[in-house]
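Below is one structure, written out as structure tokens; comments come after it.
The values are calculated or read from the model by the stated rules, or taken from the named source; none is laboratory data. It should be emphasised that the depicted structure is a prediction, and the values quoted were computed from it without experimental measurement. Cβ sites come from the backbone with ideal geometry, for glycine too, and all protein chains shown count toward neighbours.
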């Protein structure tokens, strides 16, 4: 580097934390990637160069974001990636990345002498070559940053970098010893949603009129199309008239990366049990809910031994109750948690396509309420639980229960679509749509269910009411 490009005095270089990981291609092959970890960013990003190297499918999704001074930038493409740690073999992290031409310049800006940092030799660094200027492939934002952190911190010394343990290895960042650095600006990667104040009056008015218009036909993303294809190919109607569906997995079913979920479910059930023991009325209501669930054959007791390592991997859904005193019907609702991470860092919800919203937007429904003199609303009782899950996948829907702390814990397997699982709304409403498609003897009901403009049961303008 020419000497005239160097500052005439020593300056402090600031080291930004990086990590080297494997990112899985769609064929399952690992591709090396260098991450920069930025908890000041509200989303994650991938560079176009890395996306071409990975060769995974992208999908259309426009995101507007900004950094310092709220200068807006737009990304029109997204990419879903699975990050694998080179340190913790079982750790995987699914991240959605907006795609940019370039994330930042090579980091660090100049080669560093890492021997001056006195890093303990036993520390396995997330980026062993952090001191050599290299390209950045992925920016891992706050949407995923905190999922990799571990509690251990090691400080090298005063005014020296700090090491933080993560599931990717030890990362290092902070102030470096004084040295001669290039005469150029510092790097800042703060990123957030674009500031509204930068929008012109014309843009604001444009959005206003777009809001006032009824929704247009919805175009599905690649993930949403996959969810729909899985539903079309796997759902069946059983002899009793009910529907059976499969989970819309976003990974091969034979490679589902779920680990132990029993122990966290056990811990959370124990906390719930303590709460129920202090309130016998609450316990009685909760028990009645569980008993009804089983009596309706929406769930069954199954044998389970938590020490049997040869048994099929089960996923346990922690559960708790929510009390709503204002409700005229169900004051207690039991909530299942499909987002609980297992020992591999994945939850059931992490492995599923969410699908899309089959029914119209709320604003669309609201507008239709103004079109007729009379409207009719109704509720489909236990709608999710009217749809059965494929028996081969029910081992991923288990809960723990017992009637008293003196009993052994029992395993209850949920047999139907379950609220708390990310794909449940899509599956249930898709079944409703499929049912309507086969509804030959009730044309008004069929029209109401299939026509996005008339999602209510029927048009009250067609039904004579007594004066």
Worksheet item: Quick one: would you say residue 118 is surrounded by fewer than 18 Cβ atoms within 10 Å (Cβ to Cβ), outside the structural domain of residue 339 (by TED's automatic domain parsing) and over 20 Å from residue 164 (Cβ atoms)?
Response: no
Discussion item. If residue 61 meets every condition in (1) assigned to a loop (DSSP other than H, G, I, E, B); (2) more than 27 Å from residue 15 (Cα to Cα) apart from one, which number is that one?
Written reply: (1)
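Check 110, 153 and return the single one that is modelled with pLDDT of 90 or more and in contact with a strand residue (DSSP E or B) (Cβ under 8 Å, 6 or more places away or on another chain).
Details: 110 fails: modelled with pLDDT of 90 or more.
Unique residue meeting the criteria: 153.
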Worksheet item: Would you call residue 172 in contact with a strand residue (DSSP E or B) (Cβ under 8 Å, 6 or more places away or on another chain), at pLDDT 85 or above, surrounded by 12 or more Cβ atoms within 10 Å (Cβ to Cβ) and not assigned by TED's automatic domain parsing to the domain that holds residue 255?
Response: yes
Worksheet, complete the sentence: Exactly one of 246, 260 is surrounded by 18 or more Cβ atoms within 10 Å (Cβ to Cβ) and assigned by TED's automatic domain parsing to the domain that holds residue 430, and that residue is 246
Fill in: Residues (farther than 14 Å from residue 333 by Cα, touching a residue at least 60 places away in the same chain (Cβ under 8 Å) and in a helix (DSSP H, G or I)) located in region 269-297
269, 273, 277, 294
Worksheet, complete the sentence: Those residues of region 87-102 that are farther than 23 Å from residue 134 by Cα and in a loop (DSSP other than H, G, I, E, B) come to a total of 4
Discussion item. So, in region 375-397, exactly how many residues are in contact with a helix residue (DSSP H, G or I) (Cβ under 8 Å, 6 or more places away or on another chain) and assigned to a strand (DSSP E or B)?
Written reply: 1
Fill in: Cβ pairs under 6 Å, 6+ apart, first in region 144-155 and farther than 14 Å from residue 83 by Cα, second modelled with pLDDT of 90 or more and surrounded by 11 or more Cβ atoms within 10 Å (Cβ to Cβ)
149/166; 150/165; 150/166; 152/165; 153/164; 154/163; 155/162
Practice prompt. Scan region 29-58 residue by residue and report those that are in contact with a helix residue (DSSP H, G or I) (Cβ under 9 Å, 6 or more places away or on another chain) and assigned to a loop (DSSP other than H, G, I, E, B).
Written response: 38, 39, 40, 42, 43, 57, 58
Discussion item. Quick check on my filter: what residues within region 71-101 are farther than 30 Å from residue 165 by Cβ and surrounded by fewer than 15 Cβ atoms within 10 Å (Cβ to Cβ)?
Written reply: 71, 72, 73, 74, 76, 101
